[in-house]
Amino acid sequence: MALEIPGAIEQSHMNHPDFRVGGKIFATLGAPDKNWGMVKLTPEQQRAFIEKAPGVFKPCSGAWGRQGATNVYLAVAKADIVRRALGTAANNVALGKKKKPTPK
């Protein structure tokens, strides 16, 4: 599914398959084990996906999870919501972090 995203390529990071757009990782497989994947969301997006499918999505551990990195339990995930999460994560890394406007 990740490779259906325009410009996405598969590589490897820390012995796990990862998926990148523009050289930046937006998703991985196999962490913490083969039943799980990870998508890079914003904290707000993470909350929304967890609300929609609490049995599928959970924050990754530690600061990384608080910043939006989200585990996906692949054994119970439906394809449509995984596609949405992958697309959201790919857009996030493709767009980069938007700078907040400077207050006037």
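Exactly one of (1) open to solvent by less than 60 Å² (accessible area, probe 1.4 Å); (2) at pLDDT below 95; (3) in a loop (DSSP other than H, G, I, E, B) is unmet by residue 55. Its number?
Of the numbered conditions (1) open to solvent by less than 60 Å² (accessible area, probe 1.4 Å); (2) at pLDDT below 95; (3) in a loop (DSSP other than H, G, I, E, B), the odd one out for residue 55 is (2).
Quick one: count up the residues across segment 1-25 that are touching a residue at least 40 places away in the same chain (Cβ under 8 Å) and among the small types (Gly, Ala, Ser).
4
Using the structure shown, decide if residue 57 is under 16 Å from residue 80 (Cα atoms) and not charged (D, E, K, R). Spell out the reasoning first.
Values: under 16 Å from residue 80 (Cα atoms): yes; not charged (D, E, K, R): yes.
For residue 57, the condition - under 16 Å from residue 80 (Cα atoms) and not charged (D, E, K, R) - is met.
Every residue in segment 25-46 that is open to solvent by 20 Å² or more (accessible area, probe 1.4 Å), touching a strand residue (DSSP E or B) at 6+ places or on another chain (Cβ under 9 Å) and either in a helix (DSSP H, G or I) or under 18 Å from residue 84 (Cα atoms) (or both), please.
Selection gives 25, 28, 29, 36, 40, 43, 45.
Answer yes if at least one residue in segment 10-18 is open to solvent by 20 Å² or more (accessible area, probe 1.4 Å), in a strand (DSSP E or B) and among the small types (Gly, Ala, Ser), and no otherwise. Quick ask: steps written out before the conclusion?
Taking segment 10-18 first, the residues open to solvent by 20 Å² or more (accessible area, probe 1.4 Å) are 10-17.
Next, from what is left, pick out any that are in a strand (DSSP E or B): 10-13, 16-17.
Subset that is among the small types (Gly, Ala, Ser): 12.
So far as segment 10-18 goes, yes, one or more of its residues are open to solvent by 20 Å² or more (accessible area, probe 1.4 Å), in a strand (DSSP E or B) and among the small types (Gly, Ala, Ser).
The values are calculated or read from the model by the stated rules, or taken from the named source; none is laboratory data. Computed from a prediction, not measured in an experiment: that's the story for all the values here. No Cβ is skipped: glycine too gets one built from the backbone with ideal geometry, and neighbour counts run over all protein chains shown. Just so you know, the surface numbers come from the protein's heavy atoms only, side chains and all, with ligands and any DNA or RNA stripped out. Shrake-Rupley method; radii C 1.70, N 1.55, O 1.52, S 1.80 Å.
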